[in-house]
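The values are calculated or read from the model by the stated rules, or taken from the named source; none is laboratory data. Worth saying up front: this structure is predicted, and the values here are computed from it rather than measured. Cβ placement follows ideal geometry from the backbone for every residue including glycine, while neighbour counts extend to all protein chains displayed.
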Amino acid sequence: MRPAGHLVKRITLSMSAAPGLLHNSDGYHRDDPQFSGSVTTREYLVGDVVGSSGTKKTNNPFEALTSIYYHNTLDQITMSILITGGASQVGSVIAQLLKDADQNVIIGSRSGRVPQGFESVKLDWMDDSTFQNPFKISGVEINSVYLLLPPGYVDPSENIKQFIDIAASNGVKRFVLLSGSAVEKDAEFGISKVWKYLDEKKLDYFALRPTWFIDNFLEFHGKDIREHDEFKSVMPNAKIPLISVADIGQVALKVFLSDKNERTDQRIIGPELVTYDQVADILTEVLGRKITHKVVTQEELTDHYSKALGWPLNYAQFLVQAEQYVDAGSEERWWGNPENIDGKETVREWAKRNKINFAPASKV
């Protein structure tokens, strides 16, 4: 797989040949029925172009081509990685890690909210007229895509599958999907349907399967902690190997940069099992004020997620149901599995790193 950020040259080849094989400057032969014997002009990406305008005889032993004319119309193309989901938690981390690794990154965003210093393109999962936009950027060739399903929608899989088809037809070679530890490929969840589609299409893909994010204490509960020194859940008993987004990003970085991934999915878990009461105790110690984990009813939490976070009611219900599964042990069961990828950052380390983000507004 050609790395993102690598400059290649786009060249127009004019050929006078019988139907058969294309021979380019890399010595690569390709069957192409479009060459009909008359002069045909078509664009190809090639590696190191030898020469400029003029005629170059091929070394094709089949002599399907008599000559290739290198036209004086060379454009530099930057191979790039598309991060969908705008300034999402995981996407932002992956984008920065890729940039630090000298990869060119494009952010696909519905709202235009993207991390500072990145090029962006309009991409709205609910508007298929935007699906071609990433592939129309001048001088950019997308070769890999990070797929994040839009929050607030229980099953947007048909939209995502449509985009995958468009991306593959535009030369995307690898897809990295953010899934979840409890999600299975053959289930009926929206993520599962996308995962299964990637598999059925025999695309180069990898499904990241993290457990619950430590970072959701900021994303979902940050306002309550800052303003009321508490956070709510329906999980009095759950033990969870909470994972940091930073650790997920490191796994994704390796997946994107590997020439070939030996697996197509892997669970990513945190380095310790903790309850939400223990998280409250850790936050209390790190923040220097009492933080309480408040266990509420299913109805109360659904109402809270819907009103406080602005989520559609059915999506809030979906997440509360997921919490109930976690309280029954759905995340704890992955602990100790040797096939997991184990993260490094503990809840305490994460809390210290994000301490300023929990400060009451009057003290920031």
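Determine if segment 142-153 includes at least one residue that is of a type in the set (Phe, Trp, Tyr), in contact with a strand residue (DSSP E or B) (Cβ under 6 Å, 6 or more places away or on another chain) and not in a strand (DSSP E or B). Scanning segment 142-153 turns up no residue that is of a type in the set (Phe, Trp, Tyr), in contact with a strand residue (DSSP E or B) (Cβ under 6 Å, 6 or more places away or on another chain) and not in a strand (DSSP E or B). Against the numbered list (1) closer than 24 Å to residue 354 by Cα; (2) at pLDDT below 95; (3) not assigned by TED's automatic domain parsing to the domain that holds residue 223, residue 305 comes up short only at (3).
For segment 213-235, the criterion of being out of contact with any strand residue (DSSP E or B) (no Cβ under 9 Å at 6 or more places or on another chain), of a type outside the set (S, T, N, Q), surrounded by fewer than 19 Cβ atoms within 10 Å (Cβ to Cβ) and on the phi > 0 side of the Ramachandran plot is met by none of the residues. No other residue among 323, 285, 262 is in contact with a Leu (Cβ under 8 Å, 6 or more places away or on another chain) and of a type in the set (Asp, Glu) apart from 323.
Residues that are touching a Lys or Arg at 6+ places or on another chain (Cβ under 7 Å) and modelled with pLDDT of 95 or more within segment 78-123 comprise 105, 123, listed in sequence order. The single condition among (1) among the aromatic types (Phe, Trp, Tyr); (2) assigned by TED's automatic domain parsing to the domain that holds residue 92; (3) out of contact with any Phe, Trp or Tyr (no Cβ under 7 Å at 6 or more places or on another chain) that residue 256 does not satisfy is (2).
Of the conditions (1) of a type in the set (Gly, Ala, Ser); (2) exposed (fewer than 15 other Cβ atoms within 10 Å of the Cβ); (3) in contact with a Gly (Cβ under 6 Å, 6 or more places away or on another chain), residue 308 fails just one. Which one is it? Status for residue 308: all satisfied but (3). Of all residues in segment 134-165, those satisfying the criterion of being out of contact with any Pro (no Cβ under 7 Å at 6 or more places or on another chain), under 21 Å from residue 77 (Cβ atoms) and surrounded by 15 or more Cβ atoms within 10 Å (Cβ to Cβ) are 134, 135, 137, 140, 141, 143, 144, 145, 146. The set of residues from segment 166-187 being outside any loop (DSSP other than H, G, I, E, B) and under 16 Å from the mean Cα position of the chain (by Cα) comprises 167, 168, 174, 175, 176, 177, 178.
Restricting segment 136-160 to residues that are touching a residue at least 24 places away in the same chain (Cβ under 8 Å) and of a type in the set (Ser, Thr, Tyr) leaves a set whose member that is farthest from residue 319 (Cα to Cα) is 144.
Checked against the criterion of being over 29 Å from the mean Cα position of the chain (by Cα), surrounded by fewer than 18 Cβ atoms within 10 Å (Cβ to Cβ) and acidic (Asp, Glu), segment 323-344 contains not a single residue that satisfies it. The single residue among 128, 48, 75 that is at pLDDT 85 or above, acidic (Asp, Glu) and at negative phi turns out to be 128.
Mind listing whichever residues of segment 350-364 are part of a helix (DSSP H, G or I), surrounded by fewer than 18 Cβ atoms within 10 Å (Cβ to Cβ) and in contact (Cβ under 8 Å) with a residue 40 or more places away in the chain? Before the answer, list the steps.
First pass over segment 350-364, keeping only residues part of a helix (DSSP H, G or I): 350-353, 355-358, 361-363.
Pick out the ones that are also surrounded by fewer than 18 Cβ atoms within 10 Å (Cβ to Cβ) and you get 352-353, 355-357, 361-363.
Result: 352, 355, 357, 361.
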